[in-house]
1. Going by the structure shown, is D194 over 13 Å from the mean Cα position of the chain (by Cα), acidic (D, E) and not in a strand (DSSP E or B)?
2. Taking the criterion of being more than 23 Å from L92 (Cα to Cα) and either within 22 Å of the chain's Cα centre (by Cα) or modelled with pLDDT of 95 or more (or both), would at least one residue in the range 205-228 satisfy it?
3. It is to be established whether one or more residues within the range 145-164 are exposed (fewer than 14 other Cβ atoms within 10 Å of the Cβ) and under 25 Å from V89 (Cα atoms).
4. Just name the residue that is modelled with the highest pLDDT out of those in the range 145-186 that are in a loop (DSSP other than H, G, I, E, B) and hydroxyl-bearing (S, T, Y).
5. Which condition does I134 not pass, out of (1) surrounded by fewer than 19 Cβ atoms within 10 Å (Cβ to Cβ); (2) part of a helix (DSSP H, G or I); (3) not aromatic (F, W, Y), if it passes all the others?
6. In the range 100-131, what count of residues is obtained for those that are part of a helix (DSSP H, G or I), of a type in the set (G, A, S) and either closer than 14 Å to M74 by Cα or in contact (Cβ under 8 Å) with a residue 60 or more places away in the chain (or both)?
7. One residue is enough: does the range 171-188 have a residue meeting the conditions surrounded by fewer than 17 Cβ atoms within 10 Å (Cβ to Cβ), more than 29 Å from G107 (Cβ to Cβ) and of a type outside the set (F, W, Y)?
Amino acid sequence: MYPTRTVLALLLTLAACRSGEVKEAPTASAPPAYVTAVEAAVPTTSVPSTEPDQWLLAHLDVETTGLVAGYHEMIDAGFVITDLDGRIVDSLHIRVLPEHPERLSPGAARVNGFDAATWKERGALTTKQAVDTIIAFNRRVAGNRHVLLVAFNSHFDAGFLDALMHREGHSWRELFHYFVLDIPSMAWSLGYRDLTGAALAKRLNLPDEPRVAVEHTGITGALLNVRIYTALRALQVAKTP
């Protein structure tokens, strides 16, 4: 015989089921496509130190509508693919129409001069077109070689690139190794404490990128990154016995 409390619990459960208050436990939902894409990426056992010819660098710089990836959006991107010594292989520059242009922050507007009408006139792509273009470009240039992403502000650039690709079910990890190289860290290791591209370019006696909003783009930033990387690489080689 069941204890009184057990009988009472069974009766309450039965009543709740009849009234529709008890629902079936939710089933686990399938992961988003961009998660599946990351999990499907084949890890590489190759390393640049032993197989340098099998590796490339993708120098990235982005312009955005603000500082918060996932809320603000990438509106401009420049990719410059180089070998490990910084010699340029190919490049890509795209503009992207944001889905929420009204979120443009005043600071971002001052830096990149975003205007929806101007972007359309200059051939800005939709999110899908941009993602398809980025994937096609990187796969065409890299082929079977592995690629490391390089940026001046690596968490910022990689975050906005990933947010853009997530919207179309993709991830930057489909294209690049999970380590991202950071140029200020390279400079720091050589004794340079400058934290902006302009300051570091001046210290290294390199031409800066344009700082006028209309002329300041992802590709000018990516090319500056390459100039700084190449200069730092030369300094490192010169210091090596």
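1. The answer is yes for D194.
2. Taking every residue of the range 205-228 in turn, at least one turns out to be more than 23 Å from L92 (Cα to Cα) and either within 22 Å of the chain's Cα centre (by Cα) or modelled with pLDDT of 95 or more (or both).
3. Yes; the residues of the range 145-164 include at least one that is exposed (fewer than 14 other Cβ atoms within 10 Å of the Cβ) and under 25 Å from V89 (Cα atoms).
4. Among those residues, the one meeting the criterion is S171.
5. (1)
6. Residues in the range 100-131 being part of a helix (DSSP H, G or I), of a type in the set (G, A, S) and either closer than 14 Å to M74 by Cα or in contact (Cβ under 8 Å) with a residue 60 or more places away in the chain (or both): 4 in total.
7. Yes, because at least one residue in the range 171-188 is surrounded by fewer than 17 Cβ atoms within 10 Å (Cβ to Cβ), more than 29 Å from G107 (Cβ to Cβ) and of a type outside the set (F, W, Y).
Conditions (1) modelled with pLDDT of 95 or more; (2) loosely packed, with under 13 Cβ neighbours inside 10 Å; (3) aliphatic (A, V, I, L, M), marked per residue:
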site	(1), (2), (3)
P31	no, yes, no
A37	no, no, yes
P43	no, yes, no
L57	yes, no, yes
T64	yes, no, no
V68	yes, no, yes
M74	yes, no, yes
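The values are calculated or read from the model by the stated rules, or taken from the named source; none is laboratory data. No experiment lies behind these values; they were computed from the predicted model shown. As a convention, Cβ positions derive from the backbone with ideal geometry for all residues, glycine included, and neighbour counts pool all protein chains shown.
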